[in-house]
Amino acid sequence: MTKSRYPAFPYIIFMVIFIVVPLIMVAYFAFTTSEGSFTIQNIIRVGDYVPVIIKSLFLAFVATLICLGLGYPFAYIMAKKTSNIRRTMFMLIMLPMWMNFLLRTYSWMTILENNGLLNRFFGIFGIGPFEMINTQGAVVLGMVYDYLPFMIVPLYTIMMKMDNSLVQAAQDLGAKPIQVFWHVILPQSLPGISTGITMVFIPSVSTFIISKMLGGGSELMIGDLIEMQFSSNSYNPNLGSAISFILMIIILICMSVMNQFDSDKVEKEGRMVV
C-alpha cells in the first residue's frame, strides 16, 4: 500500500464503525428471533404493512417531485445571477436550516391547525376553517419545506459549472428554448438532479417526525412503524430491523433504476452531440 493512501484511514474506519457495522446488525436482527436463532418470519410479517410502505413511497415520490419542480428553476435562476445576489439567495435558502428541525415542524403545526394562522386569515374573509392538519397534504408540505434545500444545493452546484457556450451555440443554430433546455441544459444538470432526488427521497420515505407531528398519527408511514418497534409498548427490534432491511432494499432498487435511466440519457445525448 502506498503512502498516499494513509490519509484515507480515518474515513475507512468511520465507514466501518458507523455504516458497515450498523448495516450488519440490521441484517442480523432481521433474520433472527429474540433468542438469536435464524428465522424468516420477521421478513414475512413485513407483508402485513405493504399498504403503509406503498403510501410512504407515494408521499415521498410526490414530495420529491414537488421539490424538483420548485428547486430546478430556482437553482437555474440563482446560477445566472451576480455573485452578490447568489450569496444572498443561498443564505436565504440555508437560513431555515440553522433552526432546530423540531421547531420548524412545530411552526407548521401552528400555521396549519384548525385555529392556526391560515384559518384565522381565511376567517377574516368569512371562509373556513379548513382541515389542513393531520392530512397527507400537511405531511407532504412538511417534507417539501424541510428537504427543499437538499434539492436546490446540488442543482445549483452543477449549474454553476454548466458550459454556457453550448447553450449559446444551440441558440445560434436556431434551437427553440424548449429544445435548448431538453438537449443542452437538462443533460448537463442530470448529475445534480440525481443527487437532489437521492437527498430528498431517502429522508422523505423514512421520516417519522414529520408524519407524526403534521399527520397526527393518522398518516402512518414506514418510519413510524420502525420507530414504534423500538420505542413503544410493542417493542420488537427484530421486526423493526426487518422493516428497515426491506426499506433499504426498496431504496437501493429505486436508486439503481434512476441511475440506470440517467446513464442511458447521458449516453443518448452524447451520441446526439457527436
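No lab work stands behind these numbers, since they all come straight from the coordinates. Keep in mind it's a predicted model, so treat the numbers as computed, not measured. With ideal geometry, Cβ positions are generated from the backbone for all residues, glycine too; neighbour counts draw on all protein chains shown.
The slack in the chain from TRP182 to VAL257, taken as 0.36 nm per residue of separation less the alpha-carbon distance, amounts to 24.9 nm.
Please list 13-19, 46-52 highest first by mean number of surrounding beta-carbon atoms within 10 Å per residue.
Final packing ranking: 46-52, 13-19.
In this calculation the C-beta distance from ASN114 to SER83 is compared with R0 = 45 Å, giving a FRET efficiency of 0.50. The value given for segment 118-274 is a Kirkwood hydrodynamic radius of 19.1 Å, derived from the mean inverse Cα-Cα separation. Legend: calculated FRET efficiency, TYR76 to LEU103, from the Cβ-Cβ distance at R0 = 41 Å, rounded to 0.05, equals 0.85.
Stretching ILE249 away from ILE12 to a fully extended chain increases their span by 83.0 nm, per 0.36 nm per residue minus the current alpha-carbon distance.
What residue among VAL200, THR64, VAL153 has its Cα farthest toward the positive end of the dipole of the chain, where the charges are +1 on Lys, Arg and -1 on Asp, Glu, each on the Cβ? Of VAL200, THR64, VAL153, it is VAL153. With no solvent and one point per C-alpha, what does the Debye sum give as log10 I(q)/I(0) for the chain at q = 0.06 Å⁻¹? Summing over Cα pairs of the chain leads to -0.27. The modelled label-to-label distance for the pair THR39/PHE122, using points 7 Å beyond Cα in the direction of Cβ, is 4.8 nm.
Between THR32 and THR39, the built amide H atoms are under 5 Å apart, and every one of these is 5 or more places off in sequence or on another chain. The value of relative contact order for segment 1-142, using C-alpha pairs under 8 Å at least six residues apart, is 14 percent. Think of it as helices only: each DSSP H run of n ≥ 4 in the chain is worth -39500 (n - 2.57), and spread over all residues that comes to -23000 deg cm²/dmol at 222 nm. One quarter of the convex hull surface built on the alpha carbon atoms of segment 77-159 amounts to 7.0 nm², the projected area averaged over directions.
Computed on segment 49-273, with alpha-carbon pairs under 8 angstrom and 6+ residues apart, the relative contact order is 25 percent.
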